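First comes the structure, then the notes that go with it.
The values are calculated or read from the model by the stated rules, or taken from the named source; none is laboratory data. None of the values given here were measured: they were computed from a predicted structure. Note: ideal-geometry Cβ built from the backbone for every residue, glycine included; neighbour counts use all protein chains shown. Ligands, DNA and RNA are stripped out before the accessible areas are found, and what is left, the full protein with its side chains, is counted by its heavy atoms. Shrake-Rupley method; radii C 1.70, N 1.55, O 1.52, S 1.80 Å.
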Amino acid sequence: MRKKEIFIFILVFLFLSLVGIIILDIEIEMKESTNYSTYNNGKNGTRVMYRLAKEMGFKVGRYEKSARFLPDGVTMVAISPRINIINGSLERKYLLDWIERGNTLILIGSKELLIGNNYKILEGQEEYAKVFSYFGDNRMYNMGNGKVIYLDNYRRYTNDSIKNLDPGVAFIHALQVSSNEMILFNEFYHGLGREMPLLDVIGFTGRIILAQLMLAIIIYIFIKSRRFGKPAVVYKIIKREENENLYALSNIYMKAKANSMVLEIVYEKFKNELAGFLGYKGREINYDEVFNEAQKNPLFKGMNIKELAGNCEQYIKNNINDKRKMESLYIKLEEIRRVIRR
């Protein structure tokens, strides 16, 4: 890989890293400023509830996906969920299915919303409600094989209000009744996370297939970026051992500052390659005709091959010892040779 390509790669990498850091910083800031989120350490945050559950010996985590992907055998805590999210038709269906399979939802909400039948997950369940805990208007609903524990007045469960011991005791009681070791605090209902993460939608088998496809693409790119075997050329140039020896010898001459001899070796090789490229064969080749033919070829447009050949022959004939001029002629010859070898 050339230095320029490495430099471009480093710039792209740094740019993408910077964009990633900025996006991550914005996401963290948004989470930490969301009301009633366990990420929020301010007055209206509920991080204290997360820490309380952890201190009580439960395994805790945050959940930022739809109820469709909820695992069984866990208790989910939803603190002041956004009504438009939890009441979505599909979300409500997935959440109800999850509860009825034998799981527990601890819903910390608002009495006004409860009385107004705004929690659609509890629609038609009020007559089956049981009083739960001595503090506040708390209730428990048995639904299928699972249950919903409703704790009233979500404002009492914030970082600033939990100093009153009663809400904390009621919350711990709810965790113990749920009988699950793993507690997930729902952040999806605060507008955080994603509704349909691709990896969850495609499932385990889909993830394996996706990983195989990505691996195949990486291998393909790697193979295409490297040259295996000899390059294919339209006009085949036979690399004979004596030609390689000539170039090795020319390097020695260059070290010895025998400039005209170096150029003569390179020039002779150049003439043979150009003649072969244009289809001239045999021992007796008219190189003036070769140069005229090359001059007309669109591949060598603007390269002034005939003029270059004359300058080379003059340099060799007059045994000129001008390093800069020789290097200039050599570079031009190499440019034409690169066209020939494409």
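See the values below:
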| read-out | value |
| --- | --- |
| Unique residue being without any contact (Cβ under 8 Å) to a residue 24 or more places away in the chain and not aromatic (Phe, Trp, Tyr) when the list is 269, 332, 323, 306 | 306 |
| Top-ranked residue in segment 145-173 [being closer than 14 Å to residue 46 by Cβ, at pLDDT 85 or above and among the basic types (Lys, Arg); ranked as most open to solvent (accessible area, probe 1.4 Å)] | 155 |
| Qualifying residues in segment 115-135 (those that are more than 15 Å from residue 92 (Cα to Cα) and in contact with a strand residue (DSSP E or B) (Cβ under 7 Å, 6 or more places away or on another chain)) - the one surrounded by the most Cβ atoms within 10 Å (Cβ to Cβ) | 132 |
| Strands (runs of 3 or more DSSP E) completely within segment 32-116 that count 2 or more residues being without any contact (Cβ under 8 Å) to a residue 60 or more places away in the chain, acidic (Asp, Glu) and farther than 20 Å from residue 182 by Cα | none |
| Subset of segment 275-292 [closer than 14 Å to residue 310 by Cα and among the hydrophobic types (A, V, I, L, M, F, W, C)] | 290, 291 |
